[in-house]
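Worksheet for the structure shown next.
What follows draws every value from the coordinates through simple rules; no lab data is involved. The shown structure was predicted, so the numbers you read here are calculated from the model rather than taken from an experiment. We place every Cβ from the backbone using ideal geometry, glycine too, and count neighbours over all the protein chains shown.
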Amino acid sequence: MDHILPWLILKNIPGIGNHLFKRLLDQWKSPEIILKQSIDELTSIQGISERVAKEICQKKSAVFAQKEIERAKKFDISILCFNDENYPPLLRQLPDPPPVLYVYGKLIPSDMCVAIVGSRNSTSYGDSITRTLAKDLAQNQVTIVSGMARGIDTAAHKGALDVNGRTVAVMGCGLETVYPGENRALFHSIAKKKGAVISEFSMGAKPEAYHFPSRNRIISGMSTGTIVVEAGNKSGSLITARLALEQNRQVFAVPGQVHSQMTEGTHRLIKQGAKLIENAQDVLEDLGTFLNAHLFVSKEEKAPSRDKVLPPMDSCEKLIWDQLTLEPQYIDDIQHKLDITTSELSVQLLQMEMRGLVNQQPGKRFSRGII
């Protein structure tokens, strides 16, 4: 982990937040180079005071950073930096990405992630629908992301594990601490079953209240979509939903009883434009383009039980399939690539759409469908 040391030194200098860390990286590309800059060069960057510049030059957090590496090794924790190939690619798109992630287990960058969040005081209905959603999504090679809190989060992780699916828990504390304590077995089970428990906080960080909004941005930030189940008007999961929208990600909401306080926030999300969902298929259809990229382009190894095999196609269908991409194409553009009339192509595309091989978008545009 020696290559991690400069990252931890810079990250743990007081006054260096995620935004400023990113600004420094944009200027000098690596912490090694940043730590070699002069005070004058550092203070030329917006947000760097002379005091902070001096602490960067003096590497004041070096002792703490070295101890962090030793503590991580003791607990079998790996540390990923922003430029690591296993760093979640969607997180890199955030304006304030975590410079480092502590990881217990394994992150796979090509994973298609969907977040499921909701109330800590969930009902039996909420737990049941969450567990079913997580199971069905996991069986379609979707990795379930949540925060390992009581209630909906716990049900989401357990649903994925029920079918040997992958799940990622994002913690609001350091990985020396299991929070809540009753989820200790779940904490270790996630890591042992090819999932991951991750945190941006240092090893010994406690589960402070102000950590959780920051944790929530990672949950939504590494996911293509966020599902909200049972959220009251002041639920923390509404923060996750808002962050997902700010990150240009899809937000889904599961409806509940009309007069229940447990779903007031969820129903408000639906009124504001979140997609109402009843089952996993609703999510899969909406995220079809992303899911196709995962199922057919990913080079990562998949468990045999989760492999996807293309359905049988005749020679004409296979020719059409080979011309389709993950991005919708106009029917005329597809036809120009094939020795087939537009009317014949329309018939074939309709038949393929009925079999789930093709998705049709407005304007007679077509892309590969969910298999």
Practice task
Would you mind listing how long segment 97-225 runs along its three principal axes, going by Cα atoms, in whole Å with the largest first?
Solution key: 34, 33, 25
Practice task
Could you tell me whether segment 310-366 comes out rounded, prolate or oblate from its Cα gyration tensor? Rule is a ≥ b ≥ c as square roots of the eigenvalues, rounded for a/c under 1.5, then prolate if a/b exceeds b/c, otherwise oblate.
Solution key: rounded
Completion exercise
Taking alpha-carbon centroids only, segment 171-238 lies from segment 38-94 a number of Å equal to 22
Exercise for the section: Can you tell me the 0 to 90 degree angle between the C-alpha axis of helix 211-221 and the longest principal axis of the chain, rounded to 10? Expected result: 30
Exercise for the section: Could you work out how far apart the two model spin labels at Arg268 and Asp2 are, taking each label as a point 7 Å from the Cα in the direction of the beta carbon, and quote it in nm? Expected result: 5.4
Fill in the blank from the handout: Most exposed first, judged by fewest Cβ atoms within 10 angstrom, Phe82, Phe252 run Phe82, Phe252
Completion exercise
Among [x] 86, 46, 40; [y] 62, 49, 41; [z] 72, 50, 39, the value of Cα extents along the principal axes in Å computed for this structure carries the label [z]
Handout entry: Gain on full stretching of the segment that runs from Ser38 to Gln323 - 0.36 nm per residue minus C-alpha separation
Key = 97.1 nm
Fill in the blank from the handout: To the nearest 10 degrees, the tilt of helix 288-297 (Cα long axis) against the first principal axis of the alpha carbons of the chain is 80
Exercise for the section: Round to the nearest 0.05 the FRET efficiency obtained for Lys60 and Arg150 when R0 = 30 Å and r is the Cβ-Cβ distance. Expected result: 0.20
Exercise for the section: Work from the charge dipole of the chain (Cβ charges, +1 for Lys and Arg, -1 for Asp and Glu, about the Cα centre) and give the residue of Leu8, Gln93, Val168 farthest towards its positive end. Expected result: Leu8
Problem - Three-way shape label, segment 26-109, alpha-carbon gyration tensor, a/c 1.5 - result: oblate
Exercise for the section: Please sort by residue number the GluC sites (Glu not before Pro) in segment 1-102 whose DSSP state is loop and whose Cβ has at most 13 other Cβ atoms within 10 Å. Expected result: Glu85
Fill in the blank from the handout: The long-range amide H neighbours of Val358, using H built 1.01 Å from N in the peptide plane and a cut-off of under 5 Å, are Glu353, Gly369
Practice task
Starting from the Cα of Lys60, draw a straight line to each of the aspartates and glutamates and keep only those under 17 Å, dropping any in the same chain fewer than 8 residues away.
Solution key: Glu32, Glu50, Glu68
Practice task
Under 12 Å Cα to Cα from Lys364, which aspartates and glutamates show up? Leave out anything in the same chain fewer than 8 places away.
Solution key: Asp332, Asp333
Handout entry: Cβ-placed point charges (K, R +1; D, E -1), dipole of the chain about Cα centre in debye, nearest 20
Key = 1140
Handout entry: Per-residue Cβ neighbour rank within 10 angstrom, fewest leading, Ser189, Ser110, Ser235
Key = Ser110, Ser189, Ser235
Practice task
Grab the beta carbon distance between Tyr330 and Asn164, set R0 = 35 Å, and tell me the FRET efficiency rounded to 0.05.
Solution key: 0.30
Completion exercise
From fewest to most C-beta neighbours within 10 Å, the residues Leu35, Leu287 line up as Leu35, Leu287
